[in-house]
1. Round to the nearest 10 and give me the degree value, 0 to 90, for the angle of helix 54-67's Cα axis relative to the longest principal axis of the chain.
2. Helix 73-88 sits at what angle to the longest principal axis of the chain, using alpha carbons and giving 0 to 90 degrees rounded to 10?
3. Just add up the charged neighbours of Glu28: K/R +1, D/E -1, any other residue whose Cβ is under 13 Å from the Cβ of Glu28.
4. Along the charge dipole of the chain, Cβ charges K/R +1 and D/E -1, which of Ser58, Val30, Ala12 sits furthest on the positive end?
5. Check His37: other-chain or 5+ apart residues with amide H under 5 Å from its amide H, H built from backbone geometry?
6. Residues with beta-carbon under 10 Å from that of Ile85, excluding Ile85: net charge, scoring Lys, Arg +1 and Asp, Glu -1?
7. Roughly speaking, what is the centre-to-centre gap between region 75-107 and region 3-34 when only Cα atoms are used, to the nearest Å?
8. At 7 Å along Cα-to-Cβ for each site, give me the label-to-label distance between Ala66 and Ala105 in nm.
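FYI, it's all coordinate maths here, none of it is from the lab. Please read these numbers as outputs of a predicted model, since none were measured by experiment. Cβ placement follows ideal geometry from the backbone for every residue including glycine, while neighbour counts extend to all protein chains displayed.
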Amino acid sequence: MKDLVFIEGLKANAVIGVYEWEKTIQQELVFDLEMEHDNRIPATTDDLAKTLDYEAISNFIVAFCAERQFELIETLAEHLVADLIAAFKLSVISLTLRKPSAIAAAASVGVKIHRKSDLTY
């Protein structure tokens, strides 16, 4: 296993949901990510270009949510992870996606997925 780069509690607004009223509003989603990455090279060189740039990844997620619309969080999670793997050359990623406002009696509901790239980077 390689090192992990993580992002916790990233908030992004999205038009998401199966009900008609949900398709007209933005709802907050919360993302946690863990991405495998060998951190020895950036640690040795102190070079941002050799890292997984968590600011760039965070901005990518926020923009993805702003630009796309899905009914299911499962669909959003799968598409987002595929795009992240391609854009950032990720080999392994785990994503937890929460929709805090979905169930009034629950703090949050959501999905967790773990995906590996078919490519070797």
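1. 30
2. Computed tilt is about 20 degrees.
3. +2
4. Going by the charge dipole, the pick is Val30.
5. Residues meeting the criterion, in which the H sits 1.01 Å from N, are Asp3, Leu4, Val5.
6. Neighbourhood net charge equals +1.
7. So the two Cα centres are separated by 8 Å.
8. 3.7
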